[in-house]
1. Which of the peptides B:373-383, B:324-334 is most tightly packed, and how do the rest follow, judged by the mean count of other Cβ atoms within 10 Å per residue?
2. Rounded to the nearest 0.05, what FRET efficiency do B:Met417 and B:Trp100 give with R0 = 22 Å and r taken as the Cβ-Cβ distance? Could you check?
3. What does the highest-first list of B:63-75, B:118-130 look like by mean Cβ count within 10 Å?
4. Mean projection of the alpha-carbon convex hull of segment B:211-308 over all orientations, in nm²?
5. Pull up all non-local amide H partners of B:Asn134: gap of 5 or more, or a different chain, and H-to-H distance under 5 Å with H placed in the peptide plane.
6. Please work out the FRET efficiency for the pair B:Asp253 and B:Phe181, using the Cβ-Cβ distance as r and a Förster radius of 30 Å; give the result to the nearest 0.05.
7. Using +1 on the beta carbon of Lys and Arg, -1 on that of Asp and Glu, and nothing else charged, what's the dipole of segment B:42-277 about the Cα centre, debye to 20?
8. For A:Met167 paired with B:Lys282, estimate the spin-label separation in nm (one decimal), with each label point 7 Å from Cα along the Cα-to-Cβ line.
Amino acid sequence: MSRTEDRSAKSNYSRSASEALLLRRIRAASVGATVAGIAVVGSLMLTSHQEASAATPLMVSVVPVSVGSDDPTPPANPGDMPQDMPGMDMSGSSPAPTDVPAMPQDMPGMDMGGSSPAPKAPAQMSPDMPGMDMSGSSSGAAVHRPLAPVLGTFGGGTAAVLLAAGMMRRKDLDLSLAKKATRIAGRAKK
Amino acid sequence: MSQDLGTRPSRPKSSPRLDRAVKARTDQDDARFDRQPGESLGRDILKNRFVSAVMRSRWYPGAFQIPIAAVFGLVAYELLAGPPDAHDNAGTALMWVLWWPLLPLLYVLFGRLWCAVCPFAALSDFVQKLVGVNRPVPPFLKKYGIWIIDATFLSITWADHVFGIIESPWGSGILLLLLTFAVIVSGAFFQRRTFCRYLCFLGGLSGNYSRTGMLALRADTEICATCTAKAACFNGTDTVAACPLFSFPRTMDSSANCNLCANCIKACPNDAISITVRKPTKELWFLRNPKIEESFLAMAIMGIVIIQNVTMLPGWADALAWVNRTTGITSYPVIFTAVFAVGVSIPVALLTLAAKVASHGNLENTFKNFARFGYALIPLDVAAHLAHNMFHLLAEGGSVISTVGALFGGKYTGAAMLVGNGPIQILQYSFLTLGLVGSLYTLRAITHRRYLTPTRRRSTMLPFSVLIGILTALNVVIFMYPMAHRM
């Protein structure tokens, strides 16, 4: 049997009922898998978002605003805070910290005198060198994200492109229709 | 080809007799690139019922595009509106730790199959249906498209280091938006997938890498010779779209511009299309029209991989400090730009040097040698890229589990490293060994098919073998050192 005959035999086979059945099964399986995937992923995401939003108010109510910030001023109303929060006792009634006689004064990292100078970048070091930011601030592209202007520019640009393309397409269509009409009119005259 | 050799100006001792001899020899050599009549294409996987049914289904490749586009949407959302720290961002992890490292592996195994299911391609098709003007591809793009791809690839890599695109989810998000916009513009104004064929930097990469791939779609030219369907495989039919990458199966001898979308398989009324499994790198042995820009891209990618590796080494910070002390330059962008230019230039310069040396012995000029034998380095290129990417996948893969798990309320307490440094290095050196063998074998195959005399073969093999050895040694040394993590 020649190669061409092989091909035609395969072509006939491709139209057979068994292949049609296989195709239907593949279609049904792919649609089913996609729907199931979307359902599972969607429900998981919704569940996790609900958990996150339920947890957020509690965390905000417990953690004082100034914790973690550079602002040295104490909270306005310390009485509102839970008394048993670790490290948050400001009443002054607990025993005051006393010097531990056994602790050597020159233990590394234990200088509490505050007299040593704060670390600073050497003069010759470039401030924009990656990983060399010692200012303590976390400014940068990762934190400062102007989402609205960027998305606005993207959306505006996309809309302009789609509009321009749509108008060009309409114009092309009009031109081709006009040409067709002229051709038909020419034939009619003859 | 033979005319170029015959009129070569740089050979003063040229005589009509020598020219005739060279012409006769190269014509004979060129004939060796043709497939012999009756030569088997290889095993046709379309004879498998399941594969055939999938490829001929109207749901292919759409059924894959939909879930991939959904994941892409999630990645884009996370990058733009998710956690600002790359370490916690699922978009960054999915994009740079999972997808990007796996991509070269997909190209080697399945050719440009990714391009068939790419969400950008789906977006381009959608925009085209909506408002597409379908203007023909500008000649400028046809002529300089690969150079534009080369420049885009280098620019993105440079920008990544200077602006920290990978380390910043916001930066990655902006990159995605820019690509999306370019795809929309291309889809709105130009025919088919102009962006994918002529502008996508990943398309250029995949075009080069898929030549080493194990799948090849080809047409049976004997059947095509009797076809009366007016190139339905290229132009499409009423129900099947045209070839999105402007390839004509009847004359196609490369997988660089075939994404296995199966449009031609569905449109062909004679069942003349076959998808065969072939030996990796086999396509490179038979190249008839080597292009200098594709060889340049291969070398540029080699340089990029070397730079990416060097910047992850522990000595990189010391090197920066040394440059700082020696030159007084404190600006990182300036220092990196200089290092980047040198790093990318090294493989290109080495290939040029090898081509120059080879040209003295094989009677072809430096440009032709550069273009032809640059392809021989693609297997090593792919191997080095894979070795680099395997580090990201295996040493940082835990971040994918943790960030995606966190997205759905789960918590992963394991380490980011999925396996230890030892197995990763074994894998890296295995890839490099395969790449070395692949490159040397490809070099031998091209040389033996191109030249008949042992002298010409030797004078060609020697400089390029040395080049392959140098680049392999460089990669071996780099992979000996521990690398810094990105995530």
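Any read-out appearing in this document is the output of simple, stated calculations on the displayed coordinates, not a laboratory observation. Because the structure is predicted, anything quoted here is derived from the model rather than measured. Reconstructed Cβ throughout: ideal geometry from the backbone, glycine too, with neighbour counts over all protein chains shown.
1. Per-residue mean Cβ counts within 10 Å order the peptides as B:373-383, B:324-334.
2. 0.80
3. B:118-130, B:63-75
4. Average projection, Cα convex hull of segment B:211-308: 7.6 nm².
5. The answer is B:Phe190.
6. The formula returns an efficiency of 0.30 here.
7. Charge dipole of segment B:42-277: 960 debye, to the nearest 20.
8. 5.4
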